[in-house]
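The block underneath contains the structure these notes are about, expressed in structure tokens.
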Amino acid sequence: ESFTSNNSHTYVLVEESFDPVSFEEKNILEFARKYYELDQTSTILTLPHRLEFVPLHDIYFDNKVFAEVPNPHLTSHKGNKTYLYVFSLFAIFLLVVAAINYTNMAIARSVKRSRETGVRKVLGAAKTQVLGQHLGEAGIFVVVSLLLALLFTELSLPLFNQIMAKDLSLAAFDLFTIVAFVFVLVFVLTFLAGSYPALYLSTIQPITALKGQFKLKGKTLNLKNILFTFQFVVSVFMIIVTLLIYQQFGYMQSKDMGFVPHNRVSFGLPRSAQISEEGLQSFKSRLTQHNDIERVSAALSNPLPGNSIETWGLRAETDDGPQAVTIRIAAVDENFLDVFEIPLVEGRNFDNKSPADFQGAVLVNEKARQELGWKDPIGKSLSRPNQTFNVVGVVSDFHYFSLHQPIEPLMLIAFRGGNIITAAFAEQVTHEGIAHLQKIFDEHFPGYPFEYRFVDQQLKHTLQEEASTARLMGVLTVFSLFISLVGLFGLSAFTLEQKTREIAIRRTYGANTSHVFTFLSKGFVPLLTTGFLIAIPVAYVYINHWLSDFAYRIELTPWPFMAGMIITGGIALLTLGWHAVKSSGANPVDALNSE
């Protein structure tokens, strides 16, 4: 009955040329004077509300729309564009790192394949034929990898859907889309992975190659080093970001929400069943007649994360006169604060023995008192047409949304007819206590299903997206490290092979394993250091942007950045160490004879 109630959404069919900004500018004042009963002196700047038009196709990904309903059960088809971009970016990173591995190894193998190319050119092979051969080899690798990836995708989708709480399937895509995607992917990856090695090998001079005088040139070595460094940038970046996402998720799990969710069970009463206020009081009283159940509360809608919290437009009494405000509201009984152990910081709670309280008494949170500038809030009034509320107490701020959103002004209205029941157990939720709740429910509402849920599990469910994101980030990071490790292993093996004679000479002069390790690591440590110097600021900028979506967030500390460097650097040095030990165990005389 109140136009200022913001609890429903209006859908408007407009023409293609509709411009919401100009429409509001031209019509808002006339609109407001009609529905808000404002005088002729009002301006756009003094209006209590604005019209917000949102294109229907933006609702799915727009986090600002329906942001007050984070529970996936209530908005089951809502997506998160940020996470979609993040995972797409990481998928591209993994593909690029894999392509870099192929390119680096192809460049490394070009010394061995130079004679093959020389022979082909002597026998009449044109440059384009050599180019086509090596691009074709890269294409075969990509096609085989893609087929294996499709098989792995189909096999791993059930696990992925379980981790991410999704229901994805390859069958959801039509055949044309899959074929087009596969064709584009094969073409792009073949070009990325094979173009430079193919162009490089096609320029080899036959005489130089056949004489065995072909060596990697400076520009090629520089490109190999640049690509190798990029691998470590990606690995360090993903480790740092994953650790910080886990840290933020852990913070959200452990943060004090301002109420006690543990050992609380809630269930709804059937809306079609008529129950009087006296009948509801009797029902609640019978629920507490069990040793395991301490307190019971009834609310019209529990103001807790995962629930939809109504918004009202009211006029509040302030020191500067009446002020239009928008405030969240929830109708609860006198036991609500006790059941959830929410502190009362000023004034008093609702009194069940005072009928007047249930005719307009309200509690406000500290955020409401702060925004309304109330130094002494007790006795202040908030009103809307045909109804006035009087403040009798102030409660401590508690989170009734996820930590993505800040705490907003809240008004708790004294109400005796709630249909959401919450039972607080003494120590822990017991089967006997649940059975008692169901028994009393069945006696009062025969034929209706008794469906209960744990409040702490409901709270945990609101964090499900962050938990799934953290787990998937962990999996992607492991893949990234594995691919980078494979590349490092191959390049260090190539370096070892290229320097076999030099290492053998050093060994004959008494060099031990540590000397060989130092010799091998000289070429890699500067690349690792460069990767660290690039990855750390990029990760810092990105994670700051990601954390900006949270009203309550962790403070960035050095340890995740240090951990990223230590993990990546440790894996790299262990790989080099393994090759150093392997080369130290070989007979240097054999190496010199073969050379």
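Every read-out reported here was derived from the displayed coordinates using simple, explicitly stated rules and does not represent laboratory data. Because the structure is predicted, anything quoted here is derived from the model rather than measured. Positions of Cβ are generated from backbone atoms using ideal geometry, with glycine treated the same way; all protein chains shown enter the neighbour counts.
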Based on alpha-carbon centroids, what's the gap between the range 405-483 and the range 238-294 in Å, whole number please?
5 Å
May I ask you to give the average projected area over all directions of the convex hull of the Cα atoms of the range 215-370, in nm² rounded to one decimal?
19.2 nm²
Within 10 Å of each candidate Cβ there may be at most 15 other Cβ atoms; applying that plus a DSSP loop requirement, which trypsin sites (Lys or Arg not before Pro) in the range 362-424 survive?
Lys375
Spin-label point model (7 Å from Cα, Cβ direction): what's the Glu427 to Gln387 distance in nm?
4.3 nm
Once you have the Cα-Cα distance between Thr311 and Gln281, take 0.36 nm times their residue separation minus that, and quote the gain in nm to one decimal.
8.1 nm
Using the Karplus equation 6.51 cos²θ - 1.76 cosθ + 1.60 (θ = phi - 60°), what ³J(HN,Hα) coupling, rounded to whole Hz, does each residue of the range 167-183 give in order, writing x for Gly and Pro?
9, 7, 7, 5, 5, 6, 9, 6, 4, 4, 4, 5, 4, 5, 4, 4, 4
Efficiency by 1/(1 + (r/R0)^6): what FRET value for Ile163 and Lys375, r their Cβ-Cβ distance, R0 = 51 Å, to the nearest 0.05?
0.50
In terms of the charge dipole of the range 441-481, which places +1 on Lys and Arg and -1 on Asp and Glu at the beta carbon, the residue among Tyr452, Leu481, Leu463 farthest towards the positive end is Leu481
Pop a pseudo-label 7 angstrom from the Cα along the beta-carbon direction at both Lys34 and Leu574 and give the gap in nm to one decimal.
7.2 nm
Given a Förster distance of 45 angstrom, what is the FRET efficiency for Ala172 paired with Asn544, based on the Cβ-Cβ distance and rounded to 0.05?
0.80
With x for Gly and Pro, the residue-by-residue ³J(HN,Hα) of the range 455-460, computed from phi through the Karplus equation 6.51 cos²θ - 1.76 cosθ + 1.60 at θ = phi - 60° and given in whole Hz, is 5, 5, 5, 4, 5, 4
Structure shown: which of Lys284/Lys460; Lys284/Lys353; Lys255/Lys460 lie over 19 Å apart, alpha-carbon to alpha-carbon?
Lys284/Lys460
Theoretical FRET efficiency, 1/(1+(r/R0)^6), r = Cβ-Cβ of Val188 and Gln464, R0 35 Å, to 0.05:
0.55
